[in-house]
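Participant: The following block contains the structure, expressed as structure tokens.
Just so you know, all these numbers are worked out from the coordinates, no wet-lab data involved. All of these numbers come straight from a predicted model, not from anything done at the bench. Methodologically, a virtual Cβ is constructed for each residue, glycine included, from the backbone with ideal geometry; neighbour enumeration extends over all protein chains shown.
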Amino acid sequence: MGVLLFSFISIIFVLQIFLQKGYKKLLWFFVGVLFFPSSIVIITNPNIPFPRVMIISLMLAFLLRSKNVKAQFYKFPLHFSISSIAIVLLFIGLFDSRLDFFTRLIRPINYFLENFIIVFLTFFYVKSMHEVRKIYNFILICFLFFSLYGIVNYLTGISSYTSFIAETYNTRDFGNGYSINGDERLRISSFAWHPIYYGFLVACAILILIFIYSEKRMQVYSTFFYSTLFGLLIMNLFWTNSRTPLLALIIGLCYYYLFAFKFGNKIKIALTGIIALFFVISVSPNALKLVDESINTFTAKGSKLEGSSLEMREMQMGASLLIFNQNPIFGNGFNYITENLGFSSDEKKRSSDNEFQGFESYSYKLLIEQGLIGILGNVAFFISILVFFLKKRKKVNLLGKKIIHLSLGMFITFLLFIFGTGDMGVFLIFMSLLGVNIKAIVLLANRTQENIQS
């Protein structure tokens, strides 16, 4: 019954993505990738989970209905870097001697779809700042549902939604499996598949919310709505009891706070943040303990919570370098960590040695699976994002500058998260939001140029 239900839902979403016009396709897409995790498999052979169905649908809608696909792609500011990373991933797949030829092709394609191409697709479907405003606020409505269900998750100690998905597809229930950790502290995941992943989602939502709250032109709802949602999101973030999202958000938020606001607004935001922090501490006494343990993660003694310390990361780096040396140029191939080293997030299925505890950083994944070519490709792609922001900084108005700083704050949060914990599927969400942000910056830069010429 559950399989039929999710299959029916996926058909509705696919139809809406094809039938809706312009940015409204993205509204269905965001609901699909936020609320329906990869453990929901729509097609079993080949394996196509729900989020990939959304990406493929968006891609096909673009290819089938767009005039002059090549010209549209070249309008994307990062078209060269995204093409380059596609070629890099293809080489990694082709040089994977473990696989047959078909799998060597399909794996890099799937990886590219789920991690990179979406930044172009979301960019393409946004046509105006009015649509950017609609998308931002729609995403916040989604997180209102996330945060409200997060409260239910916290009060009941269980996520019935993730439990239902796990039972339907016979997969591990990370949402509830991580609800109670070693020191009996609740960890919520709301509709997300994992508490740490949910922490990253909440961090992105908080950054968007603060941007909208400070920019009246981007607001759709009342101040009461944004203030209430801010409090709910802060509580949800602490209830995930996940250190990396918290620290990543703090640093990303500090950047945004320092560069996006004038002095008077900084004081108002600082006071609001202090009030919100005291409120969260009063509601969740473990909040201070989480911050303390987060700091301990980056010390030699580590943390009392489940997770990693510097000592563990040193072991993981040593193990990663040993395996990197087996195939330093093209890496050992996609999914090598799970398929050949025996590491699994599910401890019952894990057969790897203790020093391979999770490879809790995207850097280890790059070293082991993608090699030198993958490392250089990723670095070049990330640098191209920074270069774009720097070039556009002097070509946009004040709103454009704020969106650039918002994007950089999210970028910092994203990088700290993936190199602190691993990607955990967050590329899809970040790149989707980044595409919207890039289009907003391009639109505002064009508007500024038109004003100068007139």
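Participant: Which order do the peptides 235-243, 332-340 come out in when sorted by mean C-beta neighbours inside 10 angstrom, highest first?
Facilitator: Taking the mean over residues of other Cβ atoms within 10 Å, the ranking is 235-243, 332-340.
Participant: Based on other C-beta atoms within 10 Å, arrange TYR161, TYR197 from fewest to most.
Facilitator: Ranking TYR161, TYR197 by Cβ neighbours within 10 Å, fewest first, gives TYR161, TYR197.
Participant: Between ASN170 and LYS391, take the C-beta separation as r, use R0 = 56 Å, and let me know the FRET efficiency to the nearest 0.05.
Facilitator: Between ASN170 and LYS391 the formula returns 0.70.
Participant: Suppose R0 equals 51 Å. What FRET efficiency, 1/(1 + (r/R0)^6) with r the Cβ-Cβ distance, do ILE43 and HIS130 give to the nearest 0.05?
Facilitator: That pair, ILE43 with HIS130, gives E of 0.90.
Participant: Can you pull the Rg over Rh of segment 114-224, Cα-only, Kirkwood?
Facilitator: Ratio value, two decimals: 1.05.
Participant: Take peptides 442-449, 119-126 and line them up by average Cβ neighbours within 10 Å, highest first, as a rough protection proxy.
Facilitator: So the order, starting with the most tightly packed, is 119-126, 442-449.
Participant: Under a plain spin-label model, where a point goes 7 Å from the Cα along Cα-to-Cβ, how far apart in nm are SER160 and SER97?
Facilitator: Each label point lies 7 Å from its Cα, and together they span 5.4 nm.
Participant: Continuing with this model, one more query. Filter LYS134/LYS395; LYS67/LYS402; LYS216/LYS391 down to the pairs with a C-alpha to C-alpha distance above 30 Å, please.
Facilitator: Beyond 30 Å: LYS67/LYS402.
Participant: Going by a ≥ b ≥ c, the root eigenvalues of the Cα gyration tensor, does segment 1-65 fall in the rounded group (a/c under 1.5), the prolate group (a/b larger than b/c) or the oblate group?
Facilitator: Prolate shape, in that a/c is at least 1.5 and a/b is the bigger ratio.
Participant: Please find the FRET efficiency linking PHE73 to VAL379, where r is the Cβ-Cβ separation and R0 is fixed at 25 Å, and quote it to the nearest 0.05.
Facilitator: 0.65
Participant: Let me ask another. Return the distance in nm (one decimal) between the two label points of a simple spin-label model at SER83 and SER222, each offset 7 Å from Cα along Cα→Cβ.
Facilitator: Here the modelled spin labels are 5.2 nm apart.
Participant: Quick one: order LEU366, LEU321 by neighbouring beta-carbon count within 10 Å, fewest to most.
Facilitator: LEU321, LEU366
Participant: Ok, one more. Just need the relative contact order of segment 1-126 here, percent rounded to a whole number, with Cα pairs under 8 Å and 6+ apart.
Facilitator: 24
Participant: Under a Cβ-Cβ cut-off of 10 Å, what is the net charge of the residues other than LEU26 that fall near it, where Lys and Arg count +1 and Asp and Glu count -1?
Facilitator: Net of charged neighbours comes to +2.
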